[in-house]
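What follows is a short report on a single structure.
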Amino acid sequence: MKKQLRINKMKIPSEKFLPHESAELHVTGKAVYVNDMEPCGQTLFGKVVSSPYAHANIIKCDVSKAKLLHGVPAVLTYKDIPGENQMGPVFHDEPCLAEKEVTAIGQAVVLIAAENEEIALEAEKLIEITYQQLNPILDIKSAIKADNKIAPTRKIELGDTKKAFLKSEHIITGELETGAQEHWYLETQSALCVPGEGSEMTVYASSQNPAETQAIVAEVLGVSNKEVVCEVKRMGGGFGGKETQGNHVAAWAALMANVTRKPVLIHLFRDDDQKNTGKRHPFHSTYKIGFDNDGKILAYQVDLNADAGHTADLSMAILERAMLHAENSYFIPNVLITATAWRTNHFSNTAFRGFGGPQGIAVIEHAIDRIARFLKKDATEIRLKNFYTEKKNNITPYHQKVDNVRNQVIYDKLVKSSDYFRRKKEIDAFNQKHEFVKKGISLTPIKFGISFTTAFLNQAGALVNIYRDGSVLVNHGGTEMGQGLNTKMLQVAASELGIPAEQIKVNATNTSKVPNTSATAASSGSDLNGAAVKNAIDKLKSRLSEVACGLLTEKFSGGKFSKTRIEFSDNHVFDKNFEALKLPFTELIDKAYYKQVSLSATGFYKTPDIFFDREKGTGKPFHYFAYGMAVSEVEVDVLTGSHKLSRVDILHDVGDSLNKPIDMGQVCGAFIQGVGWVTTEEIKWDESGRLLTASPDTYKIPTVQDIPEIFNVQLLENAANYNTIRKSKAVGEPPFMLAFSVWMALRYAVSAVGGHTKDPDLAIPATNEKIMLAVEKIKK
Ligand code: MTE
Ligand code: MOS
């Protein structure tokens, strides 16, 4: 495998097998992260003193003793903030440092800049804060009781559910809880801030959103954005956890660097990171679903409730995506979706792969699973019966028409390759014979909308520089977090310029190179930035074509060359009509320089044609959809609740893949991360809101042991997308939700204990303990 990748790398730059540009640096430990940077040997250690209470008034906060400690150049409270005491990304409801009240455990109160960690911890002990504890709200039900909404309830509606329920042969009602999830990026939240001349501040951040980090740092410092540069080389994982919350450490480090005039580094300890940062939103949802004897769904009503935590953060956008995925891959003619984000006293929950999509989809999959059991039919048949199709049954609840529907083609191929129906029969026979071990199998689909649902965010920029030696530096607005965006941008540049990847470098993301960018999120990094990079290169090629035409005419007099026919390929340029008469790329660049032609260009892209009216709940929020399906088989030990994932078959649609190994990595990684969420990752708080699962010994993320014994992953072939960079599709988030097949297979196995007569009480996460309890309940 490795050999093959190498060969491809050497041979064809535009090939789809280029290894991750940092692969070797990653595995040799040479990749540089924020914590590895050492600007001048005088970097101060930044320590955040945070609230130990979920809700309290601050009666007294005395930092005078800590300030006297030797080796502590600064101890800051909100009073020391020169700008605005705010770091709320959408709503201004999130103080940078608490003033009179704390509303979550982990909320920052005091900042300490010390010469080293020991001194910082010493200083922390000298800080006297007196709290008066107040009653916290720690779950959705209590927040509902207190009517503690982040914003008014939202609604999306299609057809007439009231009428449709009256006509439905059967109606099922239900509720579902889905749990929180810790991001567990390998690199914890980090920022290094280096003060410059006057008001200048350089922020080396681990942020998915450098432009926002820049803006928030400027805001707390009380300076304009032009004084602040934010640079992101790479993140050791983000998964949504650094879409807004990478801003926090940056703002705190900047405040300390500004006062001390020295570089300040904050790099959270793992357990602090787990305790004091937001997670995937837990949801509590209720639903009602009407269907006929064949399992055709006529009406679906769902009420989604999210635990936002103590501030809005991205909760309303996350809620919106949950609503926009409430029907998953199914056409339902009458739908009513309502959704509310509730303010609680947990730390603010935030973006996490899928961005609310998983929470919305979980509910409809739960409902369909129950319809199948009720009708004594195979759940896969019910799913098939309700799929969106190309010509009819293609209107979403938000009135966007679904086109290029890939449900049927994926279903047909996957049912065959996974041998679903035969294995299902075998499993049923096995379950008849075995009392203490039960098997389960399930096929679940995913349809995921690609674009930011806040339409204006769908824009990106790039800056491409060609240097005199013919080497190329690509700057774009996206950030690298392991997902391979920089590799894909390298490939786009290489194939557009027709030069080897080795001649190109993708620069660290930098707000002074490409301004006003959106977060690298919503899986749209390569769609948006790829198109912006191409746009910059198109401009360069247009200038260079003119030069090339002149040079070709000079060199090969006689040919009738045209600048409109100039091609860039194989490290050369030539007129399409005279392919044999070529100029080397580097020669062209050198000559272009002497002819005083600019070798640098900016690029821009905005997704065409998308909009969404939040009031009406209608529009075309998505540029297109990504599709995929998975079949998972599990084996459950009925006595202990432990299970094993015996086989998984995935067929996923990434359009015309930009890079197959990277896309495969994304599909496998997202799926396994989803498996963690639906099975082992359980977040528990005590009754005062303290996180009980703040380290890997109490919080179980998947390990290599959790990879299925048989893991067949395929990318859909001949799946070119329309109107996207090189006909590709976004891949980062959609496969996360393929893990519902594991949850559903577990439900099937538990249901087998009762001969499939009773619904298993098994929500998300389906931990061993929960499986055991569900088994006991079914036996009663
Ligand atoms: N893959 C790795 N290795 N690390 C990450 O942090 N984040 C995911 C996904 N894949 C992530 C990842 C999330 S939440 C998103 S939105 C996308 O990558 C963002 O990158 P993209 O838009 O370039 O796909
Ligand atoms: Mo991804 S949750 O959109 O950062």
Zero-based 10 Å bins, Cα pair distances in the range 502-601, whole percents: 13, 40, 26, 16, 5, 0
For a label point 7 Å from the Cα of residue 563 along Cα→C-beta, name the residues of the range 528-548 whose backbone N is under 16 Å from it. 538-548
Long-range amide H contacts for residue 87: which residues qualify at under 5 Å (H placed 1.01 Å from N, peptide plane, sequence gap of 5 or more or a different chain)? 94, 96
So, in nm, how far is label residue 31 from label residue 294 when the simple model puts each one 7 Å beyond its Cα toward the Cβ? 5.0
Considering amide H positions built from the backbone, and no H for Pro or chain starts, which residues 5 or more places from residue 137, or on another chain, come under 5 Å of its amide H? 345
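When a/c is below 1.5 the answer is rounded, else prolate if a/b is larger than b/c, else oblate, so apply that to the range 320-436 with a ≥ b ≥ c taken from the square roots of the Cα gyration tensor eigenvalues.
Oblate.
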Per residue of the chain, what 222 nm ellipticity follows from adding -39500 (n - 2.57) for every DSSP H run with n ≥ 4, rounded to the nearest 500? -9500 deg cm²/dmol
Of the DSSP beta bridges with both residues in the range 188-347, give the percent that are antiparallel, rounding to the nearest 5. 55
Dipole of the range 247-310 [Lys/Arg +1, Asp/Glu -1 at C-beta], most positive-end residue of 283, 295, 309: 309
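Just how large is the dipole of the range 234-328 about the Cα centre, in debye to the nearest 20, putting +1 at every Lys and Arg Cβ and -1 at every Asp and Glu Cβ?
Working: 11 positive and 11 negative charges, 125 e Å.
The calculated dipole for the range 234-328 is roughly 600 debye.
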Kirkwood Rh, Cα Rg: Rg to Rh for the range 128-225? 1.18
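Could you pull out the pairs from 145/770; 385/620; 141/758; 447/620 whose alpha carbons sit more than 23 Å apart here? Intermediate values should be presented prior to the final figure.
Values: 145/770 27 Å; 385/620 25 Å; 141/758 27 Å; 447/620 15 Å.
Cα-Cα > 23 Å for 145/770; 385/620; 141/758; rest within.
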Based on the mean of other Cβ atoms within 10 Å per residue, sort peptides 476-487, 183-194 so the most packed one is first. 476-487, 183-194
Could you work out the Kirkwood radius for the range 391-502, taking every pair of different alpha carbons, averaging 1/r and inverting it, reported in Å? 19.8
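So what's the range 232-384 giving for Cα Rg divided by 2.2 N^0.38 Å, two decimals? The partial results should precede the final answer.
Working: Rg = 20.4 Å, N = 153, 2.2 N^0.38 = 14.9 Å.
Relative to the 2.2 N^0.38 Å estimate, the range 232-384 comes out at 1.37.
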Share (percent) of C-alpha pair distances in the range 688-747 greater than 19 Å works out to 58
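Over the alpha-carbon set of the range 548-678, divide Rg by the Kirkwood Rh and report the Rg/Rh ratio to two decimals.
Numbers: Rg = 26.7 Å, Rh = 21.2 Å.
Ratio of gyration radius to Kirkwood radius: 1.26.
When the Kirkwood radius is taken over all Cα pairs of the range 252-291, what Stokes-Einstein diffusion coefficient follows at 10 °C and 1.306 mPa s, in µm²/s?
Using the Kirkwood radius from Cα pairs, D works out to 112 µm²/s.
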For the range 20-26, Karplus-derived ³J(HN,Hα) couplings (6.51, -1.76, 1.60; θ = phi - 60°; whole Hz; x for glycine and proline) come out as 3, 4, 10, 3, 5, 5, 4
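Counting alpha carbon pairs within less than 8 Å and at least 6 residues apart, what relative contact order, in whole percent, applies to the chain?
Working: 1923 pairs, mean separation 111.7, N = 780.
Relative contact order comes out at 14 percent.
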Phi to ³J(HN,Hα) by Karplus 6.51 cos²θ - 1.76 cosθ + 1.60 over the range 426-435, Hz, x for Gly, Pro: 4, 5, 4, 5, 4, 4, 4, 8, 10, 8
To the nearest 20 debye, what charge dipole does the chain have about its Cα centre, counting +1 at the Cβ of each Lys and Arg and -1 at the Cβ of each Asp and Glu? 2200
Taking a probe of 1.4 Å, how large is the accessible area per residue of the range 13-74, in Å²? 54
How long are the semi-axes of the ellipsoid equivalent to the range 187-322, from square roots of 5 times the Cα gyration tensor eigenvalues, in whole Å, largest first? 41, 15, 12
Using a Cα-Cα cut-off of under 15 Å, which aspartates and glutamates could be cross-linked to residue 163, ignoring same-chain neighbours fewer than 8 residues away? 292
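How much accessible area per residue does the range 659-780 have, counting only protein heavy atoms and a probe of 1.4 Å, in square angstrom?
Values: 5020 Å² over 122 residues.
Per-residue accessible area for the range 659-780 comes out at 41 Å².
Considering the convex hull of the alpha carbon atoms of the range 555-627, report its projected area averaged over all viewing directions, in nm², one decimal. Present the calculation step by step, with values, prior to reporting the outcome.
Details: hull surface 37.8 nm².
Answer in nm², one decimal: 9.5.
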All lysines inside 18 Å of residue 262 as judged from Cα atoms, apart from same-chain residues fewer than 8 positions distant: 47, 67
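Would you kindly work out the equivalent ellipsoid of the range 650-780 from its C-alpha gyration tensor and give its semi-axes, the square roots of five times the eigenvalues, largest first in whole Å? Walk me through the numbers on the way to the answer.
Values: eigenvalues 223, 80, 30 Å².
For the range 650-780, the semi-axes come out at 33, 20, 12 Å.
Taking every pair of alpha-carbon atoms in the range 381-450, give the share separated by more than 14 Å as a whole percent. Spell out each step's value before the answer.
Working: 1623 of 2415 pairs.
For the range 381-450, the share of Cα pairs beyond 14 Å comes to 67 percent.
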The set of residues whose placed amide H lies less than 5 Å from the amide H of residue 506, leaving out same-chain residues fewer than 5 positions away, is 474
Rounded to the nearest 10 Å², the accessible area of residue 657 at probe 1.4 Å: 10
Can you work out the Karplus-derived ³J(HN,Hα) for every residue in the range 766-780? Use 6.51 cos²θ - 1.76 cosθ + 1.60 with θ = phi - 60°, whole Hz, and x for glycine or proline. 8, 6, 3, 4, 5, 5, 4, 4, 5, 4, 4, 5, 5, 5, 5
Whenever you get a sec, line up 201, 664, 316 from highest to lowest accessible area (probe 1.4 Å, protein heavy atoms). 664, 316, 201
Per-residue SASA entry for residue 67, accessible area with 1.4 Å probe, Å² rounded to 10: 110
Sorted peptide list for 163-175, 632-644, 350-362, criterion being average Cβ within 10 angstrom, highest first: 350-362, 632-644, 163-175
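For the peptides 738-744, 530-536, what is the packing order when you average, over each peptide's residues, the other Cβ atoms within 10 Å and list the highest mean first? Let's see the in-between values first.
Numbers: 738-744: 28.4, 530-536: 25.6.
The most tightly packed comes first, giving 738-744, 530-536.
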The range 157-214 - Rg over Rh from alpha carbon coordinates, Kirkwood radius: 1.45
Run the Debye formula on the Cα coordinates of the chain, all scatterers equal and no solvent, and tell me log10 I(q)/I(0) at q = 0.11 1/Å. -1.23
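Out of the total accessible area of the chain (probe 1.4 Å, heavy atoms of protein only), what percent is carbon and sulfur?
Values: 15730 of 30330 Å².
Carbon-and-sulfur percentage of accessible area, whole number: 52.
Per residue, how much accessible area does the range 196-346 have with a 1.4 Å probe, in Å²? Spell out each step's value before the answer.
Numbers: 3310 Å² over 151 residues.
Here the residues of the range 196-346 average 22 Å² of exposed surface.
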Evaluate 2.2 N^0.38 Å with N set to the residue count of the range 437-572, then give the Cα radius of gyration divided by it. 1.40
Under a 1.4 Å probe, counting only protein heavy atoms, residue 467 has an accessible area in Å², nearest 10, of 100
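The values are calculated or read from the model by the stated rules, or taken from the named source; none is laboratory data. The structure presented is a predicted model; accordingly, all values stated were derived computationally and were not measured. Counting neighbours? That spans all protein chains shown, and the Cβs are built from the backbone with ideal geometry, glycine included. Ligands, DNA and RNA are stripped out before the accessible areas are found, and what is left, the full protein with its side chains, is counted by its heavy atoms. Shrake-Rupley method; radii C 1.70, N 1.55, O 1.52, S 1.80 Å.
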